[in-house]
């Protein structure tokens, strides 16, 4: 039988606490599982710090954060989607597409052959169009899922494939490079001693966390994922709620696309390939349940950092990239098993 | 065959059985013995622990405390298969037959007779099934699909299945809850036959007439405890009721007099279309409720009561629903539950775990879900106001919870139901639709809920009480409407209504035809 779940922050309301609850707390070993992902993160940190003297340096730590910021954007959108009981496999493709859109508009503009003009775009204009593309793809996902009742896995598998195709059409299969210093700043710049991508991801994280926790929409996300039928019977518009989460996910994937493209100063047709898996992994390691209703932004941050530290540390310690994959895979499984064990015992 | 005359042998003995679920002790230190060739009735209110106890015997819940002896040997079944192999079969209320398979395939499911090559020997299956069906006096083609049978016939197929595996102990959970009188008689004849053959029958029911007609022994449960057992001849009808509810009926159902005023809800010509078939689940039903009135809606399973409530509440897609809803005389357009809530309707759904609550969320989050629109500004929730409101209603309804941050899955059934009620009452609705509000909660919580319903009616709320429990509808309603096969078949005032009249109006006509022809 299930007992207390670890994502519920029982911030101990004193006014109604009873002796029974206090007793329960005292021998509740499961509360450890609430911090399991934090413990894993700390453990990895210590291990890599011991194995490599280059691991704990300001430069490397900023690198970890900057590398993680792309996955964090995707993982936060993914967390919203997963909380409603859905999944979004298309974020990697959206990342690639929005990056390619921004890069091409920036470099070549948009030629409207019918009018015989070429529209030129600045960094701002190109970025906004790219973000709109992400938002629109998310909207498309949401419509397919809510209007036609297609399972999210299938719907986003379809858009994942189709959008990857659009990237190829858009770029004709070639990378678009040399995008200019201003654009470069999004990926490689520093503001007040912090890398730009970290700023972007940080702001997104704070906003996402506040929205999930303090708004009506955030409550609806948990309610729809927890029990859609009950949510609808409480007056929640479940379809709209789900639709919005896919739009958030698409939008944040586009943000990640801008960061990746700017960082590499190049839009690669293959950019973002398989990134959706890291995003799902981050959310799941952070305690999100794929059946919905359970998970937090804070957990996802830790999940993202675990993957980031793992990627970085394994490289620094000279582990082969193949073994990196193996390690990552097992950590995902281990995190979920630990959670199951945590709540499975009675 | 054992001789059924003389002293019957004890076949099964259970000692100090206890089973807990989070927040509730479902079975509490129960000991009893079952004899061969005996029908033992197990009675008790919903939530008394009857079904849980039987599921323990049948291996559904392996994690219980206590000892079970089968023919003197201790057993502890880890799953239903072990229990079946030992000769204990449970026929649940919701039959576990596969609807799209044939009768003979169902009866032999998992134990198909094979021929030399390992293929299913359908000829053998057919003849065996024919023989089994004749033992339960069911004259149908073994090749017929189960979904084409009436509920009563399906019941008999389930019994035939139990016979096929040489069951010694057959547990029947509410076998007559959805079958016609004629089918009940036939069932009883078969049960008597099985008794003759030395089988032990455990018969769960809360229909006392049936129990006095069929049982030899009786076990009465209340709040998980076995409160009385013995030879049924030593019990009177009143004794059984008293043991079941733990107090007299007058004290149990609290129905105050409230002033019945203007009409608050009127439903006109409501129909609901079945999404799969070209069939009406609810067929042209009209009714009204006045302020301060409790309208009982009675019917058997599948009568369309829940679908009617869901349609009023805007849960079904508008394309499937015909008819009008009027609140205080004004026509309202209800296309979604949000519209219904705005119009002043609250709905406590039939299955609180499935539809009423989000179990893994907290009391606070569940409570405030429909109230968030009133509790937020620019989409942001006013947390303090939310907590104050929740505290107010937790106190008002006497919800027992350690804190507002307790997960509702850890509350007892009665308290869970109060959370559902609380979230609607906080909206100050004009009409409250209650669908089986007392199902699966303990006797005391039930009584509390009844007095709460009365209180609410007194404040001028119009209440629709859907229930399949006759005593409950009769005791709590000012007026009662009966549904059968999607249609409204009768309406009685409190004074006119009786168990017999309600039942008669509730039994579907098609069942009567089927049983008459078979």
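At a glance:
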quantity	calculated
R0 of 45 Å, Cβ-Cβ distance residue B:238-residue B:384: FRET efficiency to nearest 0.05	0.25
Shielding score for B:419-425, defined as the mean number of other chain Cβ atoms within 10 Å	1
Within 10 Å of each Cβ in B:383-394, the average number of Cβ atoms from other chains	1
Distance between region B:147-225 and region B:288-302 - C-alpha centres, whole angstrom	30 Å
Tensor-based shape of chain A (alpha-carbon gyration tensor, a/c under 1.5 rounded, otherwise prolate or oblate)	oblate
Burial order of peptide ranges B:114-123, A:196-205, A:270-279 (average beta-carbon count within 10 Å, highest first)	A:270-279, A:196-205, B:114-123
Inter-label distance, nm, simple model (7 Å from Cα along the C-beta direction), residue A:148/residue A:136	1.8 nm
Relative contact order (%) - chain A, alpha-carbon pairs under 8 angstrom, separation at least six	34 percent
Potential lengthening between residue B:504 and residue B:231 on full extension [0.36 nm per residue; Cα-Cα distance subtracted]	95.2 nm
Averaged over B:82-94, number of beta-carbon atoms from partner chains that fall within 10 Å	0
FRET efficiency, 1/(1 + (r/R0)^6) with R0 45 Å, evaluated for residue A:274 and residue B:374 via beta carbons	0.50
Global form of region A:243-346, assessed from the alpha-carbon gyration tensor, a/c cut-off 1.5	oblate
Spatial separation of Cα centroids for region B:8-78 and region A:266-323, in angstrom	49 Å
Choice from A:148, A:121, A:183 showing the highest fluctuation, given a GNM over chain A with Cα pairs closer than 10 Å	A:148
In degrees, nearest ten, helix A:152-171 long axis to first principal axis of chain A (Cα)	20 degrees
Residues B:108, B:206, sorted so that the one with the fewest Cβ neighbours within 10 Å comes first	B:206, B:108
For the protein assembly as shown, diffusion coefficient by Stokes-Einstein and Kirkwood Rh (Cα), 20 °C, 1.002 mPa s, µm²/s	70 µm²/s
Point-to-point label distance, residue B:269-residue B:131, nm (Cα→Cβ direction, 7 Å offset)	5.9 nm
In Å, descending, principal axis extents of the Cα set of region B:105-229	55, 27, 27
FRET efficiency, 1/(1 + (r/R0)^6) with R0 60 Å, evaluated for residue A:185 and residue B:114 via beta carbons	0.20
Chain A: most fluctuating residue of A:151, A:195, A:269 per GNM, C-alpha cutoff 10 Å	A:151
Descending semi-axes in Å of region B:22-116, equivalent ellipsoid built from Cα gyration tensor	28, 17, 14
Tilt relative to chain B, helix B:151-164 - C-alpha long axis, 0 to 90 degrees, to 10	40 degrees
Cα gyration tensor shape for chain B, rounded if a/c is under 1.5, else prolate or oblate	prolate
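Any read-out appearing in this document is the output of simple, stated calculations on the displayed coordinates, not a laboratory observation. Since this is a predicted model, take the numbers as computed values, not measurements. Positions of Cβ are backbone-derived with ideal geometry, glycine not excepted, and every protein chain shown enters the neighbour counts.
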